[in-house]
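Note sheet for the following structure.
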Amino acid sequence: MARLNPVDPESWDPLVDDILAEVRRRGYLHTNLYSTLALAPWMMRAWVGLIWPLRDDSQTPRLLRELMIMRIAQLTGARYEWAHHRRMALEHGVSEEKLRELAGWAASKRFDGRERAVLAYAEAIARGGEVEDATFEALRDRFSDAEIVELTLTASSYVGAARLLVALEIEPEEEVRANLVDFSPG
């Protein structure tokens, strides 16, 4: 059960209406997360100002960013993040097999060098942020400096999102709960 009651649509700030209009325009769902963020509309605006460009305007392949997000959801126990991003991961080329093997990616043969580099990096960021030189060099060998910034912002932002979701116990909506298949925290 969520720790905060989402805002009643009848009483939210007009800024929320503007943000939700953009949610619909982008084809996103109006979610429990957005209804909770609407408690602080100015923070909701800041949130989407970072998350949406990371999701939609980055140079790095979305498949790689979704793999990072899914692994971060596992490591942080963020069921909500997994439930929402599983569909996105599949739509952007992550296979069902990779999602099933994600917790054990290091021992799996399904992940290529670029995927391994971003997953190792995401794990380091999710587990406290200290990145070993070898992990960073594997990333540097495969990505430009601009792409590394994008990947770092993606991982860091979704670790923050996971912490918010878990701390506030925001539950996935009924229509996405089926996406919790293959979710294995840790």
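The values are calculated or read from the model by the stated rules, or taken from the named source; none is laboratory data. These numbers were taken from a predicted model, which means no experiment stands behind them. Counting neighbours? That spans all protein chains shown, and the Cβs are built from the backbone with ideal geometry, glycine included.
Just a few scattered comments:
- Residues (assigned to a helix (DSSP H, G or I) and surrounded by 15 or more Cβ atoms within 10 Å (Cβ to Cβ)) located in segment 104-123: 105, 114, 115, 116, 117, 118, 119, 120, 121, 122, 123
- Residue match in segment 167-186 (condition: surrounded by 15 or more Cβ atoms within 10 Å (Cβ to Cβ), modelled with pLDDT of 95 or more and assigned to a helix (DSSP H, G or I)): no
- Of the residues contained in segment 30-44, one or more are found to be assigned to a helix (DSSP H, G or I), surrounded by fewer than 17 Cβ atoms within 10 Å (Cβ to Cβ), more than 17 Å from the chain's Cα centre (by Cα) and not assigned by TED's automatic domain parsing to the domain that holds residue 159.
- Exclusive hit being at pLDDT 95 or above, farther than 17 Å from residue 75 by Cα and among the polar types (S, T, N, Q), set 157, 144: 144
- Members of segment 128-163 that are without any contact (Cβ under 8 Å) to a residue 40 or more places away in the chain and within 14 Å of the chain's Cα centre (by Cα): 152, 156, 160
- Counted residues, segment 38-72 - those being touching a Phe, Trp or Tyr at 6+ places or on another chain (Cβ under 6 Å) and not β-branched (Val, Ile, Thr): 1
- Condition met for residue 73 (crowded, with 22+ Cβ neighbours inside 10 Å and more than 30 Å from residue 13 (Cβ to Cβ)): no
- The condition (being over 15 Å from residue 71 (Cα atoms) and aliphatic (A, V, I, L, M)) is satisfied by just one residue among 119, 151, 168: 168.
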